[in-house]
Amino acid sequence: MTRWDTAKPAGAPAVVRCVHLLAALLTAAALGHTLWFGLAERGVALAFGALIAVGELARWGGGAGEREPAPLGAAGALAYALLGENAGHPTSHGVLQVTAVTVAAFLVGSVPHVALGRAPGLDHMARRVLSVGFAAVCFQPLYNSGKLGELVGYGPYYALWLVVVLALTALCDAVLAAALLSARTGWPYGPLLRDELRAMRGIGSAVGATGAVMALAVAVAGLWALPVFCLPLLLTQLSFRRYAAVRTTYRQTITSLARATEIAGYTPPGHARRVAALSRAVGRDLGLAGADLVVLEYAALMHDIGQLSLVDPVSEGATAVLPAAEQRRIALLGGAVVRQTGVLADVAMVVERQAEPYRDQPLTARIVRTANAYDEMARGEGPGGPLTALERLRLSTGHDHQPEVVESLARVLSRVGSGL
């Protein structure tokens, strides 16, 4: 992704500073309390600390697009937060010790990644601290005071309470993730939250379920249950890593296909990449998320593939100067090529409908159409190119471009100071 899709307001927004400050205060209180009073049940604390540290060591990345790069570490932290007994003996660790052990193990496990230049971001660290702290607050005080046993007992309702706590913790983490991303990028909060909640059905549900199962297993069988119940999550992590590698290869293949028009001299270098990045940013601004963003990005990358059918390249690849019938022919041929590559059918549909009036197009096609027109108009216009291109787009909103998409484009460009 390029600068349009990663644009951030200058300085840390107030929401980000508040989240970081809250996590820092909780961390300071937890470490101070633990250093002063010492660890309760040291063996249990060290076992869970080692599990979390190993999980952090085994994390697969930690990039901006990865919601949970260390599922084993997250599951271990949740299990410790929800631990009430060890082999039938009640535990007495509280919220602050859970937070302190999680933070210490997180830092230990992150040392090799920091040395390799893959340090986890502050937002990820703050979310981990606050989410685990939230789970511990929901469980530990009630358990240690005996009120949890009075309210739900220690049978099926006890397990149900763990599920409720996990669901609330997942919601807390999704709210924090969406708020931080929205504050940093200016993207709409609602679609980001829906995207985070959808993601919980994948690796998030596996993390939560493993955390609850480990807490229940340790309560009955003791610490020997930890390595046994870690195995399913390790296999899940391996599967997700392979899936991520397949997706990366798939995207690289599409990017290579999109460059065919550049290599053949039909479009300027970098045009498809710029249109894709700008389309994705506009889609984010208009509230698209998840699969819709993937379709939008792939369609933007391959929107010019139909130009390979032309005997003579159009100057600068600007097909807008061609007759409407020729534009539709190129768009249909491009869609046919996309279908032959095995890419998603929705991507082919967006490519095919590029030459239609915008009122007949889906939103994704409207976005690609406007982003493509902007990149074509802004080239070769000197310092005033972006402003001139945007004004021309605004003047053509009656038939060629949707006004809301053009104004979204203006907002995206203004965030990166594109001379507007």
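The values are calculated or read from the model by the stated rules, or taken from the named source; none is laboratory data. As the structure is a prediction and not an experimental result, all values here were calculated from the model. Methodologically, a virtual Cβ is constructed for each residue, glycine included, from the backbone with ideal geometry; neighbour enumeration extends over all protein chains shown.
Restricted to region 108-124, and to residues there that are aliphatic (A, V, I, L, M) and touching a helix residue (DSSP H, G or I) at 6+ places or on another chain (Cβ under 7 Å), the residue that is nearest to Ala212 (Cα to Cα) is Val108. Filtered by the rule that a residue be crowded, with 20+ Cβ neighbours inside 10 Å and within 13 Å of Ala74 (Cα to Cα), region 194-205 gives Ile203, Gly204.
Which residue out of Leu122, Leu151, Leu192, Leu181 is under 27 Å from Ala30 (Cα atoms), in the same structural domain as Ala81 (by TED's automatic domain parsing) and in contact with a Leu (Cβ under 9 Å, 6 or more places away or on another chain)? Working first, answer last.
Numbers: Leu122 fails: in contact with a Leu (Cβ under 9 Å, 6 or more places away or on another chain); Leu151 fails: under 27 Å from Ala30 (Cα atoms); Leu192 fails: under 27 Å from Ala30 (Cα atoms).
The match here is Leu181.
You will find that of Leu78, Leu72, the residue that is buried (at least 21 other Cβ atoms within 10 Å of the Cβ), among the aliphatic types (A, V, I, L, M) and in contact with a Cys (Cβ under 9 Å, 6 or more places away or on another chain) is Leu72 and no other.
Do we find that Ala24 is surrounded by 14 or more Cβ atoms within 10 Å (Cβ to Cβ), part of a helix (DSSP H, G or I), at pLDDT 90 or above and in the same structural domain as Arg127 (by TED's automatic domain parsing) in this structure?
Details: surrounded by 14 or more Cβ atoms within 10 Å (Cβ to Cβ): yes; part of a helix (DSSP H, G or I): yes; at pLDDT 90 or above: yes; in the same structural domain as Arg127 (by TED's automatic domain parsing): yes.
Yes, satisfied.
For the subset of region 91-142 comprising residues that are over 15 Å from Leu166 (Cβ atoms) and among the hydroxyl-bearing types (Ser, Thr, Tyr), which member is surrounded by the fewest Cβ atoms within 10 Å (Cβ to Cβ)? My answer is Ser92.
Quick grid of which residues meet (1) touching a residue at least 12 places away in the same chain (Cβ under 8 Å); (2) touching a strand residue (DSSP E or B) at 6+ places or on another chain (Cβ under 9 Å); (3) farther than 30 Å from Gly270 by Cβ:
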{"site": "Tyr157", "(1), (2), (3)": "no, no, yes"}
{"site": "Arg184", "(1), (2), (3)": "yes, no, no"}
{"site": "Glu196", "(1), (2), (3)": "yes, no, yes"}
{"site": "Arg201", "(1), (2), (3)": "no, no, yes"}
{"site": "Ala217", "(1), (2), (3)": "yes, no, yes"}
{"site": "Gln237", "(1), (2), (3)": "yes, no, yes"}
{"site": "Ala245", "(1), (2), (3)": "no, no, no"}
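The lone criterion from (1) under 23 Å from the mean Cα position of the chain (by Cα); (2) within 16 Å of Ala53 (Cα to Cα); (3) modelled with pLDDT under 90 left unmet by Ala77 is number (3). Screening Ala289 against (1) crowded, with 18+ Cβ neighbours inside 10 Å; (2) at pLDDT 85 or above leaves a single unmet condition, (2). Is it the case that some residue within region 164-171 is within 13 Å of the chain's Cα centre (by Cα) and farther than 24 Å from Ala40 by Cβ? No, there is no match, as no residue in region 164-171 is within 13 Å of the chain's Cα centre (by Cα) and farther than 24 Å from Ala40 by Cβ. A single entry from Val54, Val101 fulfils the requirement of being among the β-branched types (Val, Ile, Thr), part of a helix (DSSP H, G or I) and either farther than 16 Å from Val207 by Cβ or modelled with pLDDT of 90 or more (or both): Val101. Annotation note: of Ala225, Ala244, Ala221, the sole residue that is under 17 Å from Val294 (Cβ atoms) and either in the same structural domain as Ser131 (by TED's automatic domain parsing) or of a type in the set (Phe, Trp, Tyr) (or both) is Ala244.
Take Pro141 and tell me if it is part of a helix (DSSP H, G or I) and assigned by TED's automatic domain parsing to the domain that holds Ile52. Spell out how you get there, then give the answer.
Details: part of a helix (DSSP H, G or I): yes; assigned by TED's automatic domain parsing to the domain that holds Ile52: yes.
Criteria met by Pro141.
The residue of region 171-230 that is nearest to Asp123 (Cα to Cα), among those that are modelled with pLDDT under 90 and among the charged types (D, E, K, R), is Arg184.
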